[in-house]
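J.: First the structure, which I've put down as structure tokens, then a few questions once you've had a look.
The values are calculated or read from the model by the stated rules, or taken from the named source; none is laboratory data. Predicted, not measured: the structure shown is a model, and the values here were computed from it. Backbone-built Cβ (ideal geometry, glycine too); neighbour counts: all protein chains shown. What goes into the accessible areas is simple: the full protein's heavy atoms, side chains included, and nothing from ligands, DNA or RNA. Shrake-Rupley method; radii C 1.70, N 1.55, O 1.52, S 1.80 Å.
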Amino acid sequence: MNTSLTGLNRINRFLTMLSRVNRTIVRADSPDQLYFDVCNIAVESGLFQFSWIGLVDPSTGEFRKMAQCGEIKDFPQANTVLGNTANLVLQKQSEVLCNDLSDSQHGQPAHLEMHAHGFQSMAGLPLREMDHVIGVFLLYCDGANAFDADISDLLTEVADDISFSLGHMRAEQQRIAGKSKLYYLAFYDAQTGLPNRAMLDERLPKLAVLADRKGSMLTLVDIRLQRVEQIVQVLGKLAMDDVLRTVASRLDACRGASGLVVQLAHDEFAIVSHDLADGELIDAFARQVRDVLSQAVKTEDREVFLQFGIGVAAYPLHDPEIGNLLRRARAATERCTGEEGYRLYSADLDRGLEQRVQMLADLHRALERHEFVLHFQPQLNLKTGIVVGVEALLRWHRPQHGLVSPAHFIPLLEEAGLMPKVGGWVLRTACRQAKAWQNAGLPPLRMAVNLSAQQFRSADLVQTVQSALEEAGLDPEFLELELTESLILESAEQTIVMMHQLKALGVTLSLDDFGTGYSSLSYLRRYPIDRIKIDQSFVRDMMEHPGSAALVRSILAMASNLGLKTIAEGVETKGQHGYLRKQMCQEMQGFLYSRAVLPQDIVQLLTSNGKLQLSDESSHADYTLLIVDDEPNVLTSLKRVFRKEGWLTLTASSAAEGFELLATHDVGVIMSDQRMPGTTGTEFLHAVKEMYPDTVRLLLTGYADFSTVIDAVNRGDLYKVLSKPIEDAALRENIHQAFRRFEVFAENRRLMQRVEVLESMYPDTNDAEIGR
């Protein structure tokens, strides 16, 4: 309040303010509009520099800010301090006046905090409903002794008028809404306490006016949480509610003094700010939101890391119509990809949305226009190389666009709810095709068909599968239904019941993309699954990354223990094929043999010796030595040294070539140089030990970091380190010793296998009896 004004002038200005407040009360359609307007009127009158209204949250007893006008710079704890001041009013149940906030002897800590930020006096007015204090109206000015008896009486009148209006509005809302439908429920999310979409629609035009006045932009940040339903399946609904409340609290904390946080849906939030003046500030704000959401959320004894998409749009930068702002931000969210974690709106995104809408319209007609076709990818027995089955894969021939990638149209089918209908067509067509091949005299093939989550939830799924088999005349043993890990996690008990009903038809069940989800071993034991399909991401990386190879070995071992068959997808190289064979994987599919092809191409493959033709790279030699060195002359020289030794000598000029040879040959001894392109000999041999622990590994080097070599020896990565130069005879002797060591390992392994067989045949026999 400007204390240089005379007392009469102050009262006149206050009466003018009171008149404006009363006019606002008459026009206001909602309490939130009233809070917003009253705060602005108080500051615009020139009497006060800052105003704030907060309501008591019934669930926590804490104050939630509803509106404010004026700024407090460099004061992130402002809301907490203001809430503490409001609590003084709540405790007293009447107004609180302080004409000297600097009074350290009698003042409250909250008063002193506000004085430190430039304020000299304050008034706190209770807002009542049915004689209960439900909120507080705080007013601050930069002059001391601003509130005399006359001003105090007028302040009480303002508070009484606002309280009367609130009571009237709430009574009217109760009358309109009916049974207990309070304003809070109409404009706030009951779970998180945040304003909802209705509040956003009401506030946006007013915030746009404020942005225009300030010459800034009104920025809307749309936030879409991803994979929420999967988290619910793992953690449970109550824990997920805690996660959402934590997210709401963190977003509320980073919105800024004049921002608005809104919950648009169970998995969608928005933040609105009218204080960002340029693109750099908008970009910085988006990064702040991203960083807040990237932090772990703790719930009970777990940490949850959320995946999310963030889209940003600004008025009038991206659209002069404020009503389009949310749509623009959502368009950016839909296309949010990459490491940035957020996407700014651009006109190109709308063109992408138009294409998406048109594609959806075309998909609705695609089935009746016979635009869908099935391609089939062969599945082979890894030992024999013979085709034992095919997987049916959906393709779409879109007129004037050609063949559309499944990655583009399958998600749209699911979004539009068309998967049950299209999936039923796939099932019937695949069964008919399998029977047609049998009728043509081809060997019976297992037909694998993917089931979508929407199909699996259909009440008539079992009947649909049975009808497809009966219509085609196909024996159920030749139909395999592929389910994903995420699908079987949903409602696990009901899922197990449904799977048993499908098994009762005589079909087999496989678990697709195994290793990419959250399935536990305890659940896996309960599912009536016949086959596990190893995800192609593990197959692709296993030749270069020991971690992926270890995962593949673990999956195969687990499947063996559970009596499940295995198939690896995405096999593209001889090395991958050889490694999977060595690890006793039973089947494969991938480009090494064939892409997904048309039905007539399957016939061609099967009638022209459809066996996987790989040259037999194994040797009849007793031992195989692998030498890895990036210098061709060295490889040639070393191979010449061993030419009369009677063992097979293989050479590779890189780690990648070495892994390929290891996968396709039974290598006993490996000798590697320390210097290699992209890696070192010790790193390569460490990876070899992880993937092929029975090999004997030697390092041949002219120089070395001795600490690195010693560490490698201590880890068991190396059998010996040989220094260059070395005499030929000494080199041959060291290799002979390595092969003798390898033979000891091989003999021990054979003995262990014999013991395991005997233990399985005579489980009650003790170790001593088995030894005899």
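J.: Pairs of alpha-carbon atoms within less than 8 angstrom and 6+ residues apart define the contacts here; what relative contact order does the chain have, in percent?
T.: Computed over the chain, the figure is 6 percent.
J.: Using a Förster distance of 56 angstrom, determine the FRET efficiency expected from the C-beta separation of Glu733 and Ser608, and round it to 0.05.
T.: Once the sixth-power term is evaluated, E becomes 0.65.
J.: Let me ask you something else. What's the FRET efficiency of Glu477 with Asp541 using the Cβ-Cβ distance as r and R₀ = 45 Å, to the nearest 0.05?
T.: Result of the calculation: an efficiency of 0.85.
J.: What ranking, highest mean first, results for peptides 414-425, 632-643, 473-484 when packing means the other Cβ atoms within 10 Å averaged over each residue?
T.: Listed from highest to lowest mean packing, they are 473-484, 414-425, 632-643.
J.: Specify, per residue and in Å³, the volume enclosed by the convex hull of the alpha carbon atoms belonging to the chain.
T.: Given the Cα convex hull of the chain, per-residue volume reads 270 Å³.
J.: Could I have the simple spin-label model distance between Glu415 and Arg327, label points 7 Å from Cα toward Cβ, reported in nm to one decimal?
T.: 1.6 nm
J.: Taking a point 7 angstrom from the Cα of Ser249 along the C-beta vector, which residues in segment 59-78 have backbone N less than 15 Å away?
T.: 59-64
J.: Follow-up. What nm value, rounded to one decimal, do you get for the distance between Asp301 and Lys383 when each label is placed 7 Å out toward the C-beta?
T.: It works out to 4.4 nm between the two label points.
J.: Using only protein heavy atoms and a 1.4 Å probe, report how much of Arg369 is accessible, in Å² to the nearest 10.
T.: 130 Å²
J.: Moving on to the next point. For a Förster distance of 22 Å, can you work out the FRET efficiency between the beta-carbons of His370 and Arg398, rounded to the nearest 0.05?
T.: Once rounded, the FRET efficiency stands at 0.95.
J.: Note the full-extension length gain between Lys206 and Gln288 as 0.36 nm times their separation in residues minus their Cα-Cα distance, in nm to one decimal.
T.: Taking Lys206 through Gln288 to full extension adds about 27.0 nm, to one decimal.
J.: For segment 293-349 and segment 39-99, compute the distance between their C-alpha centroids and round to whole Å.
T.: 31 Å
J.: Can I get the semi-axes of segment 524-638's equivalent ellipsoid? Compute them from the C-alpha gyration tensor as square roots of 5 times the eigenvalues, in angstrom, largest first.
T.: Semi-axes from the Cα gyration tensor: 30, 23, 14 Å.
J.: Given labels modelled 7 Å from the Cα in the Cβ direction, how far is it in nm from Ser30 to Ser723?
T.: Label at Ser30, label at Ser723, 8.3 nm between them.
J.: Can I ask one more? For a quick check: with amide H placed at 1.01 Å from N, whose amide H comes under 5 Å from Arg446's, ignoring anything fewer than 5 positions away on the same chain?
T.: Hits under the 5 Å cutoff: Gly389, Val390.
J.: Ok, one more. Which whole-number percent is the relative contact order of segment 384-483 (Cα, under 8 Å, 6+ apart)?
T.: Worked out over segment 384-483, it gives 33 percent.
J.: Follow-up question, since we're still on this one. Based on DSSP H assignment, which helices of the chain show an axial Cα extent of at least 20 Å together with a mean Kyte-Doolittle hydropathy greater than or equal to -1.0?
T.: Sorted by number, the helices that extend far enough and score high enough are 7-27, 78-92, 149-177, 197-214, 237-253, 279-294, 347-366, 419-439, 546-561, 728-761.
J.: Report the Cys residues of the chain lacking a disulfide-compatible partner, meaning no second Cys Cβ under 4.7 Å from their Cβ.
T.: Cys98, Cys141, Cys254, Cys336, Cys431, Cys585
J.: Near Lys533, which lysines are there with a Cα under 25 Å away, not counting those fewer than 8 places off in the same chain?
T.: The qualifying lysines are Lys383, Lys435, Lys503, Lys565, Lys574, Lys582, Lys611.
J.: Also, quick follow-up: First check a/c for segment 625-666, with a ≥ b ≥ c the square roots of the eigenvalues of its C-alpha gyration tensor; if it is under 1.5, answer rounded, and if not, answer prolate when a/b is larger than b/c or oblate otherwise.
T.: oblate
J.: Rounded to the nearest 500, what is the 222 nm mean residue ellipticity of the chain from helices alone, with -39500 (n - 2.57) per DSSP H run of 4+ residues and division by all residues?
T.: -15000 deg cm²/dmol
J.: How do Val26, Val232 stack up against each other in accessible area, from largest to smallest, with a 1.4 angstrom probe?
T.: Solvent-accessible surface, decreasing: Val26, Val232.
J.: Still on this structure, please answer the following. With every protein chain in place, what's the accessible area of Leu220 (1.4 Å probe, Å², nearest 10)?
T.: Per-residue accessible area (Leu220): approximately 0 Å².
J.: Output wanted: per-residue J couplings in Hz (rounded whole) for segment 391-405, from phi through Karplus 6.51 cos²θ - 1.76 cosθ + 1.60, θ = phi - 60°, x for Gly and Pro.
T.: With coefficients 6.51, -1.76 and 1.60, one gets 10, 7, 10, 7, 10, 10, 8, 8, x, 6, 10, x, 7, 8, 5 Hz.
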